[in-house]
Amino acid sequence: MIGLSDTQVAVRYIDNIQLQRDLEVRRQAELASKKGPSYFLSYGLDRKRPELTATINGTRRIVSNARVAQLSAEKLAAEASRAAVAIETELTPHGLKVFRGDGAVTRPFASKHLVHLCETTVCSIPYAAKGKRGRLVVMMTNFASGVAIPTKGGICYKDVVPMHDTTEERNAFRVLGVITDSDGQTVDIDHRFTAKGIAWSVESIQAITDACKQRVTHAESKTK
């Protein structure tokens, strides 16, 4: 991993309260053997950035929550951008217009100090069904656990259980349908594009493109 750009860096995150407890337990144990503590939240950073890598004596620094949040956001945004290109390439020949996300990243669990968990919009695909305008919205999260409940104001995530070692986290696509007005603003959730009120959650681009082609085509056929 050495030498990779920030957007490719794997990020580890440890809850700060638990970290402090672990640090104290380890500190007491290591004082006797005169060893220094060695914890880290991020690894694989460029050798040319010594302030973020291991110190000369071999111990590693704790990366700040802000830095963890930044690395997580950059990595997710880059992966979402690549996914948007792949989705657009697949859907455009089928007459489906794809609007890419703006790269903005939000952190739905920042209030719980889980700054490494974030989401971003990959793209949206407009459609018309039963005289109403709508669009399929493809989101990406850097966590696969839990369920995504669509609301007019965005997605509400429930039952999310973060991995202790976030290098084991998997990205997931959350796909939902929304009804829009003439100005393109969301006015309601299109429940035909949910499963028991929950947004689709898949882990592959192929599943996204297949679902979009099938569901959008089905929705449009209803208007004829």
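The numbers here are math on the coordinates, done by the rules we state, and not lab data. Quick caveat: nothing in here was measured; it's all calculated off a predicted structure. Neighbour counts run over all protein chains shown; Cβ positions are idealised from the backbone, glycine included.
With the largest listed first and rounded to whole Å, the semi-axes of the equivalent ellipsoid of region 66-221 from the Cα gyration tensor are 27, 17, 14.
Subtracting the Cα-Cα distance of A195 and R107 from their residue separation scaled by 0.36 nm leaves 29.2 nm. Amide H to amide H distances under 5 Å link D190 with G177, V178, I179, where only residues 5 or more positions off or on other chains count and H is placed in the peptide plane. With neighbours defined as other Cβ atoms within 10 Å of a residue's Cβ, the residues K75, K152 order from fewest to most as K152, K75.
When restricted to Cα atoms, region 122-212 yields an Rg and a Dmax of 13.8, 48 Å, respectively. The H on the amide N of V98, modeled in the peptide plane, is under 5 Å from the matching H of no residue at least 5 residues off or on a different chain. Between S204 and S182, the FRET efficiency from the beta-carbon distance, with R0 = 35 Å, is close to 0.55. Sorting V202, V68, V161, V175 by the number of Cβ atoms found within 10 Å of their own Cβ, with the fewest placed first, yields V161, V202, V68, V175. Largest first, the extents of the alpha carbon coordinates of region 141-190 on the three principal axes equal 45, 16, 13 Å.
If neighbour count is taken as other Cβ atoms inside 10 Å, put R82, R135 in order from fewest to most.
Neighbour counts put them in this order, fewest first: R82, R135.
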